[in-house]
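K.L.:
Would you mind keeping the following structure in view while I ask a few things?
The values are calculated or read from the model by the stated rules, or taken from the named source; none is laboratory data. Just so it is clear, the structure is predicted and the values come from calculations on it, not from any experiment. With ideal geometry, Cβ positions are generated from the backbone for all residues, glycine too; neighbour counts draw on all protein chains shown. Note: areas computed on protein heavy atoms with side chains; ligands, DNA, RNA excluded. Shrake-Rupley method; radii C 1.70, N 1.55, O 1.52, S 1.80 Å.
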Amino acid sequence: MQPRFRLSQIGVTSLGGLTAVGLMALLTAWSGQVLIVAPLGASCVLLFGYPRSPLAQPRNVVLGNTLGGSLGVGLVSLLGQGPLVLALAVALTILLGQQLRCLHPPAGGMAFLAAFLGMSWPFLLFPVLLGSLLLVVLAWAFSRWVPGAMPYPLHWL
């Protein structure tokens, strides 16, 4: 059954996503380091839109995205770029995400992006790891400081 959201929740959760992506964009402009990519925007949908989901918990966001990015970068460094590498990166992200209990749907996008763009190892620090950590901290702070926000996280590990 699909969850239902009250109108007040919809406004608050949309504000959370706007705030998180806006702050990440400002930090990117200020630091010169890319801190956000499309899969992190998808992570925001889970973090702010449905923070009670097991797939939105910190372990899933941080480890899932880092796993996906690592697989994309690692496979490109071993096998080069190509459609098979894209498919393998996503498939292994699903397989290992399930095995390591850190499944996070945007991590498949992170694996795909890393392999498609042929990213190198620094991509894992900026934006994957730091961006994921920042989003988790922002979601935690948002849930504590904004009236009407859903509690986050349900658990840290």
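K.L.:
From Ser70, Ser132, grab the single residue that is within 16 Å of the chain's Cα centre (by Cα), closer than 20 Å to Ala25 by Cα and among the polar types (S, T, N, Q).
P.N.:
Among Ser70, Ser132, only Ser132 is within 16 Å of the chain's Cα centre (by Cα), closer than 20 Å to Ala25 by Cα and among the polar types (S, T, N, Q).
K.L.:
Which residue pairs have Cβ atoms closer than 9 Å, lie 6 or more positions apart in sequence or on different chains, and pair a first residue in region 4-31 that is in contact (Cβ under 8 Å) with a residue 60 or more places away in the chain and closer than 11 Å to Gly49 by Cβ with a second residue that is among the hydroxyl-bearing types (Ser, Thr, Tyr) and outside any helix (DSSP H, G or I)?
P.N.:
Close Cβ pairs satisfying both conditions: Thr13/Tyr50.
K.L.:
Which residues, taken from region 110-125, are among the small types (Gly, Ala, Ser) and surrounded by 23 or more Cβ atoms within 10 Å (Cβ to Cβ)?
P.N.:
Ala111, Ala114, Ala115
K.L.:
Looking at (1) among the β-branched types (Val, Ile, Thr); (2) over 22 Å from Val21 (Cβ atoms); (3) open to solvent by 30 Å² or more (accessible area, probe 1.4 Å), which is the only condition Val146 fails?
P.N.:
Here Val146 meets the rest and fails (2).
K.L.:
Would you confirm, using the coordinates I've provided, whether Val128 is β-branched (Val, Ile, Thr) and surrounded by fewer than 23 Cβ atoms within 10 Å (Cβ to Cβ)? It would help to see each step written out before you state the result.
P.N.:
Numbers: β-branched (Val, Ile, Thr): yes; surrounded by fewer than 23 Cβ atoms within 10 Å (Cβ to Cβ): no.
No: the conditions fail for Val128.
K.L.:
Restricting to region 23-61, what's the tally of residues that are closer than 22 Å to Gly11 by Cβ, part of a helix (DSSP H, G or I) and among the aromatic types (Phe, Trp, Tyr)?
P.N.:
Adding up the residues that qualify gives 1.
K.L.:
Test of understanding: among Val128, Val136, which residue is of a type in the set (A, V, I, L, M, F, W, C) and out of contact with any Pro (no Cβ under 8 Å at 6 or more places or on another chain)?
P.N.:
Numbers: Val136 fails: out of contact with any Pro (no Cβ under 8 Å at 6 or more places or on another chain).
Answer to the check: Val128.
K.L.:
Only residues that are hydroxyl-bearing (Ser, Thr, Tyr) and open to solvent by 60 Å² or more (accessible area, probe 1.4 Å): list them for region 51-97, please.
P.N.:
Within region 51-97, just Ser77 meets the criteria.
K.L.:
Another one. Looking at Leu46, is it of a type in the set (A, V, I, L, M) and either touching a His at 6+ places or on another chain (Cβ under 6 Å) or open to solvent by 60 Å² or more (accessible area, probe 1.4 Å) (or both)? Before you say what the answer is, go through the steps one by one.
P.N.:
Values: of a type in the set (A, V, I, L, M): yes; either touching a His at 6+ places or on another chain (Cβ under 6 Å) or open to solvent by 60 Å² or more (accessible area, probe 1.4 Å) (or both): no.
Criteria not met by Leu46.
K.L.:
While we're on this one: Provide a single number: the residues in region 1-17 that are more than 15 Å from the chain's Cα centre (by Cα) and not in a loop (DSSP other than H, G, I, E, B).
P.N.:
Residues meeting the conditions: 9.
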